[in-house]
Amino acid sequence: MDPQAFTGTQLYVATFLYALASGLIPVVNIEIYLLAVATLTKGAPLPILLLVTAGQMIAKYILYLSGRGLIRMPPGRIQGKVQKAKDALESHPRGASSVVLFSAITGLPPFYGMSLAAGALAMPLPRFLLPATFGRLLRFSLVFFAPQLLHLRF
């Protein structure tokens, strides 16, 4: 299939669904997908970035609710990640939003675990969602525009 033909509605629906899946399944990598989209298509950046962020944040909200015990997720090998994220949040109770923001941008501690830990520690939802959404949007913008920035540099 010609990558240029994959535009418009198909691209936007695929992007949202892939972002949602990648937010719930750690081995599904949204950054590689975004790099491919940025390199191979002529899709408009703003809708793509908003859809990726929305898909990821819906997934992270599901993880947050799972951490609160309101949604039951399948058991997995995430206990270590969750414990590290809990430790990070508990060690910075007044700056927990900053820890969430840093995790959303860098992935350290892993944002998957951070989302579960924020729910488990009953972090107020706005204190989780606002920095998390901003951080994810910033991260995805950097990834999306990386090929263009590298192309300008070399």
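The values are calculated or read from the model by the stated rules, or taken from the named source; none is laboratory data. All values reported here derive from a predicted model rather than from experimental measurement. Here the Cβ positions follow ideal geometry from the backbone for every residue, glycine too, while neighbour counts run over all protein chains shown.
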TODO: Evaluate the range 52-73: report whether one residue or more is modelled with pLDDT under 80 and over 16 Å from the mean Cα position of the chain (by Cα).
DONE: yes
- [ ] Being in contact with a Phe, Trp or Tyr (Cβ under 9 Å, 6 or more places away or on another chain) and free of Cβ contacts under 8 Å to residues at least 24 places away in the same chain is the filter; apply it to the range 25-36 and report the residue that is surrounded by the fewest Cβ atoms within 10 Å (Cβ to Cβ).
- [x] Val28
Open item on the list: Please pick out the residue among Ala132, Ala118, Ala104, Ala122 that is modelled with pLDDT of 90 or more and part of a loop (DSSP other than H, G, I, E, B).
Closed with: Ala122
TODO: Run down Thr39, Thr53 and say which single residue is buried (at least 18 other Cβ atoms within 10 Å of the Cβ) and in contact (Cβ under 8 Å) with a residue 40 or more places away in the chain.
DONE: Thr53
Task: Matching residues, the range 25-44, being closer than 17 Å to Leu137 by Cα and in a helix (DSSP H, G or I) - done: Ile30, Glu31, Ile32, Tyr33, Leu34, Leu35, Val37, Ala38
- [ ] Take the residues in the range 115-135 that are within 13 Å of Met57 (Cβ to Cβ) and among the hydrophobic types (A, V, I, L, M, F, W, C), then tell me which one is farthest from the chain's Cα centre (by Cα).
- [x] Leu125
Open item on the list: Can you tell me which residue is surrounded by the fewest Cβ atoms within 10 Å (Cβ to Cβ) among those in the range 96-154 that are touching a residue at least 24 places away in the same chain (Cβ under 8 Å) and of a type in the set (D, E, K, R)?
Closed with: Arg127
